[in-house]
Amino acid sequence: MASPYFVSRDAVRVLSQYNIEMMAPDNAMAYGDIPNLPPGIIGTIRRNTNIVVDLAGDKAGALVLGYLTKFINPVDLRLYMVINPYRPFSWELQDIAELKAMLECFAQHPVTGMVSNPHLAEDTDFEVIVKGHRHVQEIAAIQGIPLVGLTVTDAFYHEACLEFGEIVKQINLYLRPDWL
Amino acid sequence: MQRVLMKGNEAIAEGAIRAGCKAFFGYPITPSSEIAEYMARKMPAIGGVFVQAESELAAINMVYGGAATGFRVMTASSGPGISLKQEGISFLAEGELPCLIVDICRGGPGLGGIQPSQADYFQATRGGGHGDYYIIVLAPSSAQEMMDFTMLGFELADKHRSPVMLMAEGTLGNLIEPVVLRNPVTEFVDKPWAITGCKGRQPNIVNTLHMPVEELQARNKYLTQKYEAMRAQEVRYEEFLIEDADLILVAYGIMARIAKKVVLTAREIGIKTGLIRPITLWPYPYGVLNKAAQTCKAMVSVEISTTGQMIEDIRLATEGKVPIHYIGEIGRTPNPEEITQQLLVIAEKEGLR
């Protein structure tokens, strides 16, 4: 919202290869020091196309969610929490419960699913994924949220499928600088 | 050993808490705001204090008051905010009040932009405050070091009774990397000078006003001796493949990481290249660079700055022994390939390829 660092718009070229149009603040406003929404987003929502709104799991994200959901038909809305339990405020049940309550309050819509995304970037091994995913499974069960996916990179995809079945989705990373 | 995934800014905040920081006073500014946000959530839970001040000036003077009580305290900002804090930093240095000041740099001058920068080098190492003073400046190059140097910063601040600055680029503040959480600090130095209530003893006074000329001179002489001790004890740096290097890159912070990749690529091409990474920007590793200048053929300062700022310290260090070149621009973090291309031009100019 107010940061030019490692954001989805950096992947616009990759996304366009998959016929995904990127909507993000453009020109000078892309580097504004205040939150701003891309122009035309309401019109796009009203065109009834398939839209992914990538929001930060914090108050800033919830605020945007609250603004946008009044333009979305609730029947069509899928509200997913993507949880990497190794990120700050994402391990403890209370933190996730607070985030869920905040998102639902702003969206006036229940969270419809949880995506498990356990990793430690380049320090990830299969044990990290298993431990993290088991933890997310527990949290989702306690919160009564359906677990709709476990995301892993291609290096762990086969092993994860054997362990966790069809819930596993393979993801590719595009925003990691190659000099890391 | 607990590993987590953190932004550099988050690692600073968590490192501060683990170092025993009890109060954060700040005013949010991109790209440093995650530090304040993290502290705002965590400080109340641990019985600490978080204050979003009405301005950067207010925040740095709250740091003055908090540090005077002997507790570990800090503030964080970016270039424009650090400019505003400079008066307070001068007072903190003279008052000998240990604290941590974090500068997550963005492009300037003026309001500039929120893109990455290392162009706060002058104001970090030379200060914009008045009077004869120095503060230790640490330059981390990873999220792990953001945590580790934060903890080190508090330790050095207490050791020397001085403000310590941690300076990093906006890129590093926002870069998410694995971090090993360090054990919390449990032992702290005594601070018999702190203002804690004077029942049963003479009052402690923290004062920066010295009107008689003799008192002013004595005070400055004493502080100068302290800075000499810092220079003698706290120089930190890293050398990488400099023994046989004809061309030595000098880079700090996140640029040092990128420069390491450049060194390896350049060596594959046949150019003997090395890297010196200053970890303390003040005190600067002058002696290390001077020694290296006796054997290499040229040095290159690599910075996220248009004019180059650290390059002046390299010139001071090398005393004209070798040509000094510059690679740098502001507003983005260049990748290793881009720097390598510019390095090849310099190598050709110096007859090294």
* Using alpha-carbon pairs under 8 Å, 6+ residues apart, how would you state the relative contact order of the range A:17-131 in percent? -> 22 percent
* Asked: Which FRET efficiency, nearest 0.05, do A:Arg47 and A:His158 yield, Cβ-Cβ r, R0 35 Å?
  -> 0.35
* Taking a cut-off of 17 Å between Cα atoms, list the aspartates and glutamates near B:Lys226, but don't count ones fewer than 8 places away on the same chain. => B:Glu94, B:Glu96, B:Asp132, B:Glu155, B:Asp158, B:Glu215, B:Glu234
* To do: Once you've got the GNM for chain B with C-alpha springs shorter than 10 Å, pick whichever of B:Leu249, B:Leu92, B:Leu264 has the biggest mean-square fluctuation.
  => B:Leu264
* Asked: Counting every Cα pair in the range A:1-58, what percent are over 16 Å apart?
  -> 48 percent
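What number, in percent, do you get for the relative contact order of chain B if the mean sequence gap of Cα pairs under 8 Å and at least 6 apart is divided by its residue count?
It comes to 18 percent, rounded to a whole number.
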* Structure fact -> Here, trypsin sites (Lys or Arg not before Pro) of the range B:149-254 satisfying both criteria (DSSP loop; at most 15 other Cβ within 10 Å) are B:Lys199, B:Arg201
* To do: Just name one of B:Ile276, B:Ala68, B:Met310: the one whose Cα is farthest towards the positive end of the charge dipole of the protein assembly as shown (beta-carbon charges, Lys/Arg +1, Asp/Glu -1).
  => B:Ala68
* Could you give log10 I(q)/I(0) at q = 0.12, 0.28 Å⁻¹ for the range B:274-345, computed by the Debye formula over C-alpha point scatterers of equal weight, without solvent? => -0.32, -1.40
* **A:Asp76/A:Phe6 FRET efficiency (R0 41 Å; Cβ-Cβ; nearest 0.05)** => 0.90
* Asked: Looking at the range B:5-56, which GluC sites (Glu not before Pro) are DSSP coil and have at most 16 other C-beta atoms within 10 Å of their C-beta?
  -> B:Glu54
* Asked: Dividing the convex hull volume of the Cα atoms of the protein assembly as shown by its residue count, what figure in Å³ per residue is obtained?
  -> 175 Å³
* To do: List the residues of the range A:35-54 whose backbone N lies under 15 Å from a point placed 7 Å from the Cα of A:Val148 along the Cα-to-Cβ direction.
  => A:50-54
* For chain A, how many pairs of lysine residues have a Cα-Cα distance under 26 Å, where the two are 8 or more positions apart or belong to different chains? -> 6
* Asked: Under the definition of partner shielding as Cβ atoms of other protein chains within 10 Å of a residue Cβ, what is the mean value for peptide B:172-184?
  -> 3
* Asked: How big is the range B:158-199 on each of its three principal axes, counting only the C-alpha atoms and giving the largest first in Å?
  -> 48, 23, 18
* Asked: Is there a simple number for the mean count of other chain Cβ atoms within 10 Å of the Cβ of residues in B:21-30, and what is it?
  -> 1
* To do: Stick to Cα atoms and the Kirkwood definition of Rh, then tell me Rg/Rh for the range B:1-63.
  => 0.98
* To do: Can you check what the Kirkwood hydrodynamic radius comes to for the range B:1-139, Cα pairs only, in Å to one decimal?
  => 15.1 Å
* To do: Pop the C-beta distance of B:Gln294 and B:Thr69 into the FRET formula with R0 = 41 Å and round what comes out to the nearest 0.05.
  => 0.25
* **Translational diffusion coefficient (Stokes-Einstein; Kirkwood radius from C-alpha pairs) of the range A:78-180 at 37 °C, 0.692 mPa s, in µm²/s** => 230 µm²/s
* For chain B, just the Cα atoms, rotate onto the principal axes and tell me the three extents in Å, largest first. => 73, 49, 40
* Rg [Å, one decimal], Dmax [Å, integer] - the range B:27-94, C-alpha atoms -> 11.8, 33
* To do: Take the Cα atoms of the range A:1-123, build their convex hull, and give its volume per residue in Å³.
  => 130 Å³
* **DSSP loop chymotrypsin sites (Phe, Trp or Tyr not before Pro) with at most 13 other Cβ within 10 Å: longest gap in chain A** => A:19-173
* Asked: GNM on chain A, C-alpha springs below 10 Å: top fluctuator among A:Gln170, A:Gln17, A:Gln94?
  -> A:Gln17
* Asked: Quick one: putting +1 on the C-beta of Lys and Arg, -1 on the C-beta of Asp and Glu, what dipole do you get for the protein assembly as shown around its Cα centre, in Debye to the nearest 20?
  -> 560 debye
* **trypsin sites (Lys or Arg not before Pro), loop per DSSP, at most 15 other Cβ atoms within 10 Å - longest free stretch of chain A** => A:79-180
* Treating the beta-carbon of each Lys and Arg as +1 and of each Asp and Glu as -1, no other charges, what is the dipole magnitude of chain B about its Cα centre, to the nearest 20 debye? -> 540 debye
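Computed from the coordinates by the stated procedures, all read-outs in this text should not be read as laboratory data. Since this is a predicted model, take the numbers as computed values, not measurements. Neighbour counts run over all protein chains shown; Cβ positions are idealised from the backbone, glycine included.
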